[in-house]
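These notes are about the structure you will find just below.
The values are calculated or read from the model by the stated rules, or taken from the named source; none is laboratory data. Since we're looking at a predicted model, the values are computed, not measured. Every residue, glycine as well, gets a Cβ built from its backbone with ideal geometry; the counts of neighbours run over all protein chains shown. Ligands, DNA and RNA are excluded from the accessible area calculation, which covers all protein heavy atoms including side chains. Shrake-Rupley method; radii C 1.70, N 1.55, O 1.52, S 1.80 Å.
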Amino acid sequence: MTAEAGISWTFDAVARAHARLLADHSLQFRFTASSAPPSPPWLQALLKMLGAAGHALRAAGPVIQVLFWVFVAVIILGALFLIARAIRRTWPSLGGRGRKPARTAPMPLDLRPSPQRAAALLEEADRLAAEQRFEEAAHVLLFHTIADLGTRRPRALRAALTSRDIAALAEIPTPARDAFGTIAERVEHSFFGGRRLGAGDFSTCRAAYMAFASPQSWGSGARS
């Protein structure tokens, strides 16, 4: 068999095999176009919702961009504020005058003489009064009271202050101030006015000093 004859026989054999294959009706060689199965309703609703959301985001794009930069600016300003506050707490001098110390209520002053001091002063004044030296007895009550005040509160008393000025000091409660003023008034009448003091004047000064030295005159409720 020549080569040409062999090739011809081969083509014929293929053609016969192809014809037998086409004649076999158990095999399907022609397919009709088919559509994809429909999507479930929930998936369709989800896709529609996502589409609407995407459209809304595209429409609100400029607004969202502005809000984003506002949010970034707020974050930056907040961080700068926290840093500045931390610096001022660490180095108060960098914040100008620095943080002012918290104000505390002033402690109430108690300038009254001690019971021992008051008893000794009254004893000395009584001794002078017993000798009919009433002016000196009243002077002792006044001058020693001023000395005691100056010892306990040197800044409250200045050399230029008169007895009336001392009697008006705000650091002295009203009852004690009034008692001191009574003594100062009697002594001024004697010392500057030339008026002689009698037993009644001394009794008034003595009672005023006892009121001045009394704890009730220096209580917290006695302040004006």
| request: Please work out how much accessible surface THR151 shows to a 1.4 Å probe, ignoring ligands, DNA and RNA, in Å² rounded to 10. | output: 110 Å²
| said: Just to check I understand the Karplus step: with θ = phi - 60° and J = 6.51 cos²θ - 1.76 cosθ + 1.60, what whole-Hz values come out for region 117-130, glycine and proline as x? | reply: 5, 5, 5, 5, 5, 5, 5, 5, 5, 5, 5, 5, 5, 5
| message | If DNA, RNA and ligands are ignored and the probe is 1.4 Å, what is the ranking of PHE180, PHE81 by accessible area, most exposed first? | response | PHE81, PHE180
| task | Tell me the label-point distance for the pair ALA59, GLN116, using the 7 Å Cα-to-Cβ offset, in nm and rounded to one decimal. | result | 9.4 nm
